[in-house]
Amino acid sequence: MLENLGKELELNGWLHGIRGSNKFQFLTFRSSGQLIQVIADKEILGDEVFKMVKSLTQETSLSIKGLIVANEKANFGWEMHLKEIKIVSPSTDYPITPKEHGTDFLFSHRHLWLRSKKQLAILRIRSELSFQIRNFFHEKRYTNIDTPILTGSVGESAGTLFSTEYFDLGKAYLAQTGQLYLETAIFAHEKVYCFGPTFRAEKSKTRRHLTEFWMLEAETAFMENEQNILFQDEFVRTVVRRTVEACKLDLDILERDTNHLLNQVEKSFQVIDYKQAIEILQAAQFSIEWGDDINAEGENILTEKIGGALFVKNYPRAIKAFYMKQNPDDPRTVLCADLIAPDGVGEIIGGSEREVDYDKLVERIYEEGLPVESYSWYLDLRKYGSVPHSGWGLGLERLVAWVCGLPHVRECIPFPRMMYRIFP
Ligand code: 4AD
Ligand code: MG
C-alpha cells in the first residue's frame, strides 16, 4: 500500500469504530480484513457530510474515497484523509461494542464476532498454517487423498462415535480419522496425506477438545517409527517457523512473543520413552503408574521439565488404538509417539508405525470389541504386498492455539462445535 502514498484511493468496507471531536472524526475502517485509520476533517468535508460521518454507527457498510498519507503511528504506516463517503447499508444496534463481553455472549454471536480485531488475526493465522501445511506436503511430493467423511468402520475408538442411519445399510459413522483410507492409498501412491474435518463425540468439556476438528494426516510406505518421528519434527518446525515469519503483524495483535515461538522450534524436539515420562512425572510427585494414560496436567509437567515440545514414544498397547504395531523389544508397548506442545497446549500429534501382522491385527480388533467383518477391506492390505508403514495426525486447532498463545481451542476454528454448542 505504501506505493499508494500521495494517491487517491477508493475502498469498500465497514465502519469498525469511530471517535473524535467537532472538528475531526477518526474512523477505523475495515477493508479486506484490515483495519485502516481514516481521518474525517470538517473543513475538507463541509458541515453536512461531516455531520453524517459523525452520526455513523458501528458496522455500517461504506464506500469511501480519500488521499493516502504517511503516518508512522497508523497501522501499516499510512492513513486515509477522507474526501467522499457513501453508505452502502446501515447497521443498527450492533451487539458487540468496544466494552467487555462475556465468553458465552461472544460465542452466541460468533457470526458477528468474526469481525473483531483479535478474531481477524486468529483466523488469518489459521489460514496461513493451512496453506503452509499443504505447501510442505506439496514440496515433499505427497499426494493429497481426500478420505470419506461417512464411513462404515470405526476409525479410532468406539467410545466417541457420531452415528447416523444410512438407508438400508444400517449405521454410518462420521469419520474420526482418515487414516485407514490413507493406508489403502500408500499402496498406490506411497506418500499420501489428507486434510479435512474429523468428528469425535467427546463428552469432555476441556479446553483441548472439539467435537468437530480439522486434522492433517500423513501416511508413508516403507517408513518405520523412528523415521516417522523425524518427519513430524521437520514438519512442525518448518510450518510453525514459516507461519510466524508470514504473520508477524497478526501475532503482534495477539501479543504473542514471536521470538519465544521461533526459539521453541529452532532445534529438534526431544524424544523420550513413555517409561521415562512416567519416571519424570513420579519424580515431580505427580500421581501416575506404568500403564496409565498421561493426562493434560501430566503433559504440562513434562513440557515444563523438558523445557519445550517433546515426543513421548512407545506407550502401553492397552491405551492406544488397535492399528499400532506391537513393539518387538517390549510386547506390552507399541511403536508410536505423541508430540506434546508447550504453553499448556498438550498433545498436538498422535502417530505410529502400523501393525502389518494379519493375525495380530485381527486379535486387536477383537480385543477392542470392534466388528471384524467391517474391516475386511483394511485387512486385505496385509494380504497383497504388505509393507512396513507409518503415519500421524495433527489437530489443526491445537496447533493454532499454540502459535497464537490461546488457552482454548474454541477460538481456533470459525464455528466451534462442542458438547454444549451447535449454534451459530
Ligand atoms: O491421536 P489421535 O486420535 O490420532 C488419530 O486420529 C490417528 N488416526 C492419526 C494418524 O495416525 N493418522 O488424533 C490426532 C490429533 C491429536 O493429537 C490432536 O491434536 C487432535 O488430533 N485431536 C483433537 N483436536 C481437537 N478436539 C478433539 N476432540 C481431538 N481429538 C484429537
Ligand atoms: Mg492421540
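The values are calculated or read from the model by the stated rules, or taken from the named source; none is laboratory data. Just so we're clear, the structure is a prediction, and the values are computed from it rather than from any experiment. All Cβ positions, even for glycine, are placed from backbone atoms using ideal geometry, and neighbour counts span all protein chains on display.
Of all the residues in the stretch 384-401, those that are over 9 Å from the mean Cα position of the chain (by Cα) and either crowded, with 23+ Cβ neighbours inside 10 Å or closer than 20 Å to Asp338 by Cβ (or both) number 5. Just one of the listed residues (Gly391, Gly385) is closer than 29 Å to Ala188 by Cα, small (Gly, Ala, Ser), away from ligand 2 (no atom under 16 Å from the Cβ) and in contact with a helix residue (DSSP H, G or I) (Cβ under 9 Å, 6 or more places away or on another chain), and it is Gly385.
One residue stands out in the stretch 313-356 among those that are of a type in the set (Val, Ile, Thr) and more than 11 Å from ligand 2 (Cβ to nearest atom): the one that is surrounded by the fewest Cβ atoms within 10 Å (Cβ to Cβ), namely Val356. One residue alone among Glu245, Glu255, Glu217 is surrounded by 21 or more Cβ atoms within 10 Å (Cβ to Cβ), more than 16 Å from Gly308 (Cβ to Cβ) and within 19 Å of the chain's Cα centre (by Cα), and that residue is Glu217. Evaluating Phe423 against the criteria (1) part of a helix (DSSP H, G or I); (2) aromatic (Phe, Trp, Tyr); (3) away from ligand 1 (no atom under 14 Å from the Cβ) leaves one unmet condition, (1).
Of the helices (runs of 4 or more DSSP H) lying entirely inside the stretch 1-114, those containing at least 2 residues that are of a type outside the set (A, V, I, L, M) and more than 34 Å from the chain's Cα centre (by Cα) span 42-45, 47-54.
Yes or no: Ile413 of a type in the set (A, V, I, L, M), surrounded by fewer than 23 Cβ atoms within 10 Å (Cβ to Cβ), within 15 Å of ligand 1 (Cβ to nearest atom) and at pLDDT 95 or above? Yes. From the list Asn225, Asn263, Asn295, exactly one residue is in the same structural domain as Phe137 (by TED's automatic domain parsing), farther than 24 Å from Lys118 by Cα and exposed (fewer than 15 other Cβ atoms within 10 Å of the Cβ). Which is it? On inspection, the qualifying residue turns out to be Asn295. Among the residues of the stretch 293-312, the ones that are more than 14 Å from ligand 2 (Cβ to nearest atom), in contact with a strand residue (DSSP E or B) (Cβ under 7 Å, 6 or more places away or on another chain) and either in a loop (DSSP other than H, G, I, E, B) or among the acidic types (Asp, Glu) (or both) come to 1 in all. Condition (residue is within 24 Å of Leu310 (Cβ to Cβ), assigned by TED's automatic domain parsing to the domain that holds Gln264, surrounded by fewer than 20 Cβ atoms within 10 Å (Cβ to Cβ) and within 15 Å of the chain's Cα centre (by Cα)) applied to the stretch 186-207: is it met by at least one residue? So far as the stretch 186-207 goes, yes, one or more of its residues are within 24 Å of Leu310 (Cβ to Cβ), assigned by TED's automatic domain parsing to the domain that holds Gln264, surrounded by fewer than 20 Cβ atoms within 10 Å (Cβ to Cβ) and within 15 Å of the chain's Cα centre (by Cα).
Out of Leu112, Leu67, one residue alone is buried (at least 16 other Cβ atoms within 10 Å of the Cβ) and not polar (S, T, N, Q). It is Leu67. Hey, which of the helices (runs of 4 or more DSSP H) in the stretch 334-409, taking only ones fully inside, have at least 3 residues that are in the same structural domain as Glu297 (by TED's automatic domain parsing) and within 16 Å of ligand 1 (Cβ to nearest atom)? Because the criterion is at least 3 residues that are in the same structural domain as Glu297 (by TED's automatic domain parsing) and within 16 Å of ligand 1 (Cβ to nearest atom), the helices (runs of 4 or more DSSP H) in the stretch 334-409 that meet it are 358-367, 396-404. For Ile280, the stated conditions hold: it is part of a helix (DSSP H, G or I) and either touching a strand residue (DSSP E or B) at 6+ places or on another chain (Cβ under 9 Å) or not assigned by TED's automatic domain parsing to the domain that holds Glu363 (or both). Considering only residues of the stretch 115-146 that are in contact with a Phe, Trp or Tyr (Cβ under 8 Å, 6 or more places away or on another chain) and of a type in the set (A, V, I, L, M), which is farthest from Val244 (Cα to Cα)? It comes out as Ile145.
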